[in-house]
1. Under a plain spin-label model, where a point goes 7 Å from the Cα along Cα-to-Cβ, how far apart in nm are S85 and T35?
2. Under a plain spin-label model, where a point goes 7 Å from the Cα along Cα-to-Cβ, how far apart in nm are N50 and I261?
3. If you roll a 1.4 angstrom probe over the protein chains with everything in place, what fraction of the accessible area of segment 117-170 belongs to carbon and sulfur, to the nearest %?
4. Give me the distance between the Cα centres of segment 379-400 and segment 487-524, rounded to whole Å.
5. Along its three principal axes, how long is segment 74-154 when you only count alpha carbons? Whole Å, largest extent first please.
6. Keeping all protein chains in place and using 1.4 angstrom, which order do E79, E547, E143 fall into by accessible surface area, from largest down?
7. Filter K88/K645; K253/K546; K434/K530; K312/K546; K151/K380; K380/K546 down to the pairs with a C-alpha to C-alpha distance above 27 Å, please.
8. With just the Cα atoms of segment 119-186, tell me how far they stretch along each of the three principal axes, in Å, largest first.
Amino acid sequence: MAQRHLQRQHAQNIFAVLADKKPTASSEIASQILTSWRRCADTVELDPMNIHRPAVVDATALRELCQRFEGFLLLAEPEMLNLYSSLKGSGYALILTNNDGVILNHLTGDHLEQDFREAGLWQGANWGESHAGTNGIGTCIAEGRALTVHKDEHFLSQNIDLTCSAAPIHDPHGNLLAVLDASCCSNEDSMSAQVLARALVANSATIIENQFFLHEMRNLRILRFHQQANHLGLASEGLLAIDDQNRVRAINKSALKILRINDRNNMLDQEIDLILGKELKSMLLHAAVGDNQVCSFRDQRNGNQLYGHLFKFKEKPRRRNRDLSIPPAERNPDECRGELCKLSVLAGEDPRMKEAARRAERVMNKRIPILLHGETGTGKELFTQAIHLASERREKPFVALNCASIPETLIESELFGYRQGAFTGARRDGRRGKFIESDGGTLFLDEIGDMPLAMQSRLLRVLETQEVVPLGGELPVKVDLHVVTATHRDLRTQVSRGEFREDLYYRLNGITLDLPPLREREDLSKIILKVLAAENDTGSELKISKESMDALLNYLWPGNLRQLRFVIRTAIALCDGIELQLDDFNLDYVTPPPTEKEEVKALELSLRESVDEQVEDESEDNPLQSAEQQVIVASLGEHNWNISKTAEALGMSRNTLYRKLRKHGINQTR
């Protein structure tokens with residue numbers, strides 16, 4: 001009731017402000033918010049009090065949209081992970097939309113996912129102003145600039161708990177391409193406290209925009225410049241794409257700002273030396289490709305000193321299916337990538353992966369359901385494809401569905417399909433669902449832990465009866481189902497909390513195969529080289545410098561194999577020569593926590609520093625203390641002095657274990 005009262009009060013306030021009945025309040029509202037409110041009320045005719053269900057594109061349209069933006073999403077993800085690591089723990093979700101406001105990708109913590117779903121912030125939802133009123137994404141699109149919409153600045157009363165900071169991303173020609181947004185469902189901070197979030201989002205949006213510029217203009221020479229030499233390579237650097245006749249073909253927004261140009265059309269097709277002088281023309285004629293030698297030159301119109309260097313790929317590379325521009329045509333989904341879809345190749349030389357592959361081969365033709373468990377990005381879908389191709393079902397379809405990416409309102413039609421006219425908006429000829437599409441083959445249900453409870457009971461019935469009744473249909477359709485599921489969650493914990501059906505858990509868990517995270521794999525160096533070979537489309541052999549390889553091997557890899565592919569793909573795009581250097585790798589966005597070895601070393605140092613202290617030897621006087629010490633030492637030895645595993649085995653936290661190690665004076669003895 002209290003929330004409903006606040007919503008009603010908010011709607012009344014908007015009506016009063018728009019009717020000029022509250023001039024004082026009107027003067028306190030930011031101009032872009034007031035303008036947006038007027039657009040929502042007058043142009044779109046939204047009612048702030050009415051509850052508006054999120055406008056969600058259907059699953060087919062969403063799939064096609066994601067395929068069109070696939071290259072851009074791959075390029076943007078490393079910087080999204082960077083920003084998310086900065087915002088992690090503060091309650092934010094990170095969202096990337098297309099230029100209409102349709103959510104294409106989002107990052108958030110598991111414990112907050114339900115809150116954002118209830119707020120309508122999920123993949124496929126349209127947050128354009130005409131659908132969702134004043135909000136960070138939609139108003140950013142309308143205004144064309146970075147902004148924050150905080151709580152009651154939203155037009156719709158249902159959104160007054162949200163705080164959204166968004167920034168636009170443009171293509172090299174200044175057209176709106178996407179919007180990057182950080183949203184929070186329950187932010188108690190003031191509006192002024194959102195300045196940092198907006199600044200971080202705007203900076204990351206500019207970084208993505210610049211990376212897209214470099215890739216799209218890769219067949220041209222690019223002048224990277226700034227007023228200060230030490231700002232080259234940062235988000236604030238200017239970028240000018242120059243053709244073989246030294247004419248400007250594209251310019252980024254930072255370059256417009258540095259050169260104090262309001263209209264980019266005034267720069268296009270202009271000879272560069274007319275703007276930046278003969279010094280620059282000489283550099284263009286004589287600079288070696290990729291030498292990155294910084295030169296100075298002057299803006300011919302005002303004499304300002306500038307610094308810059310030429311950036312260009314060593315050739316005009318022919319890139320196989322790697323165009324990041326947004327194509328209008330429909331494309332087929334990715335198919336399994338040749339050699340990578342063999343269990344032996346995926347297993348590599350890591351003992352845990354070898355064991356997972358061995359077990360998969362033993363059960364894959366026995367009608368035993370397989371449950372894959374592993375962190376996000378560990379290659380669960382690829383592993384399932386490899387199982388499918390090695391099985392007796394290889395000639396039949398492989399069908400995949402991510403249960404977390406499909407809105408709850410659409411997942412039923414995705415799985416079961418529907419007959420003609422089953423519901424408003426249904427396709428005229430109906431649709432086969434995933435169950436029927438995978439008949440005789442393999443159905444892969446990723447993130448099964450995110451499947452709604454109501455749908456879990458229906459899935460269980462289908463698995464038991466091997467029959468499907470499409471929506472709007474009456475007669476069941478017999479299917480031959482072989483389901484492989486995957487999750488990064490602890491399903492047993494979800495079962496104990498009532499979030500996942502216990503009977504379905506045992507029906508899906510014929511065998512659990514654990515896929516280790518990338519940071520724990522013993523063959524990491526060989527994986528890196530395999531991914532480099534798979535991603536290298538330059539036509540030349542590429543190498544990784546020793547410094548870079550050391551950094552890659554010591555990196556935490558929170559995004560696992562998926563992140564490794566993105567990082568190496570970006571490094572290849574940025575590399576000027578045949579050896580990838582450390583600066584080419586986007587690895588600065590996560591500070592890895594100490595490894596177990598580092599923890600033990602820190603513990604040893606702490607113990608050595610306490611040697612001079614008068615530590616009472618309780619083990620001699622107290623047999624219980626002596627027994628405790630022996631148990632701890634034995635458990636440490638059993639777990640190869642792994643602090644986390646020892647603490648788990650003893651049923652205590654790591655901090656408690658550290659305290660007991662200090663109390664007993666236990667040092668590393670292995």
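1. Placing both labels 7 Å beyond Cα along the Cβ direction yields 3.7 nm.
2. 4.6 nm
3. Details: 540 of 1290 Å².
The C+S portion of the solvent-accessible surface of segment 117-170 is 42 percent.
4. 19 Å
5. Largest first, segment 74-154 extends 30, 28, 22 Å along its Cα principal axes.
6. Result, largest first: E547, E143, E79.
7. Working: K88/K645 25 Å; K253/K546 36 Å; K434/K530 33 Å; K312/K546 24 Å; K151/K380 39 Å; K380/K546 30 Å.
Pairs exceeding 27 Å: K253/K546; K434/K530; K151/K380; K380/K546.
8. Over segment 119-186, Cα extents along the principal axes are 37, 22, 20 Å.
The values are calculated or read from the model by the stated rules, or taken from the named source; none is laboratory data. All values reported here derive from a predicted model rather than from experimental measurement. Please note: Cβ atoms are built from the backbone with ideal geometry, for glycine as well, and neighbour counts cover all protein chains shown. Note: accessible area is taken over every heavy atom of the protein model, side chains too, but ligands, DNA and RNA are not part of it. Shrake-Rupley method; radii C 1.70, N 1.55, O 1.52, S 1.80 Å.
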